[in-house]
Amino acid sequence: MPTDPFFKFFLFLIIYILILLVFKFKGTGEKKVTKDCLNACPCEKNCPLNRIERKMSDKFFNHLTFRIFNFKRYKCSSCEWQGLRWEKDFKAKS
Ligand SMILES: [Zn+2]
């Protein structure tokens with residue numbers, strides 16, 4: 001095994017990006033679409049989510065994931081759930 005710290009760093013970076021791409025491919029954290037709602041809450045009521053302002057940590061998290069997901073913060077209209085969701089960019093597909 002090479003002991004070069006730069007090699008280790010790049011190896012770590014490549015593995016990190018691969019993990020992110022797996023999450024993207026599997027749709028982890030993607031908007032939940034039901035027959036009534038394009039962006040439903042993970043709670044059992046499937047209430048629509050409302051877009052709220054992103055926190056500083058969310059912006060940092062977006063940079064940390066190389067803006068692969070472009071997370072946006074949402075809040076449920078009935079329960080207390082709030083969190084980050086991303087949507088598939090259909091324009092990116094040619
Ligand atoms: Zn909810």
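Taken together, the values in this text are just the output of simple stated rules run on the coordinates, not laboratory data. Computed from a prediction, not measured in an experiment: that's the story for all the values here. As a convention, Cβ positions derive from the backbone with ideal geometry for all residues, glycine included, and neighbour counts pool all protein chains shown.
Compute the convex hull volume of the Cα atoms of the chain, divide it by the residue count, and report the result per residue in Å³ as a whole number.
With only Cα atoms used, the chain gives 147 Å³ per residue.
Which residues in segment 53-80 have a backbone N closer than 16 Å to a point placed 7 Å from the Cα of ASP36 along the Cα-to-Cβ line? Only 76-79 pass the distance filter.
Take every Cα pair under 8 Å whose residues are at least 6 apart in sequence, average their separation, divide by the length of the chain, and the relative contact order is 22 percent. Full extension of the chain between LYS24 and GLU80 gives 17.6 nm of extra length, using 0.36 nm per residue less the Cα-Cα distance.
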